[in-house]
1. Quick one: count up the residues across the stretch 40-58 that are surrounded by 12 or more Cβ atoms within 10 Å (Cβ to Cβ) and more than 17 Å from Asp14 (Cα to Cα).
2. For the stretch 1-39, what are the residues that are surrounded by 17 or more Cβ atoms within 10 Å (Cβ to Cβ) and of a type in the set (Gly, Ala, Ser)?
Amino acid sequence: MTQIEIGPDQIQIDADIVAKALKIEPQDLLGRMREGTVTSQFERGEGMDAGRVRLTFFSATRRARITADAASAILSCTAADYSRSRAPMSATAAGSNHDRLDAMLDAALQETFPASDPIAISFDGPE
């Protein structure tokens with residue numbers, strides 16, 4: 001398989017790319033996806049972005065975003081570290097910054113690609 005394959009009803013990406021972007025071991029990725037501790041979002045571009053796709057993967061401490069064109073060429077791969085405190089926070093604690101950042105990211109996503117179907121991750125070898 002090439003690094004990314006775009007089909008009419010699904011998209012597949014090499015697990016090594018996703019694992020590296022999330023800073024986890026490739027062999028741990030499938031289990032974390034099954035547990036729901038790694039999730040994904042798949043978006044198809046419209047208008048000027050028609051033919052492009054964006055894959056976003058989320059773990060507890062990291063977000064990775066991969067953009068590809070219609071020919072399956074990866075255009076960009078970005079990642080950001082973040083953590084969410086599970087301890088109760090006061091109104092002045094850093095948690096309010098996380099809420100504001102989440103709101104800004106959500107607003108930015110709404111202005112770009114529409115959400116679509118889930119992403120398929122390929123793993124070599126038997127499960």
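All of the numbers you see were taken from the coordinates with simple rules; none came from a lab. Computed from a predicted structure; not experimentally measured. In this analysis, Cβ positions are derived from the backbone assuming ideal geometry, glycine residues included, and neighbour counts consider all displayed protein chains.
1. Number of matching residues: 7.
2. Ala15, Ala19, Ala21
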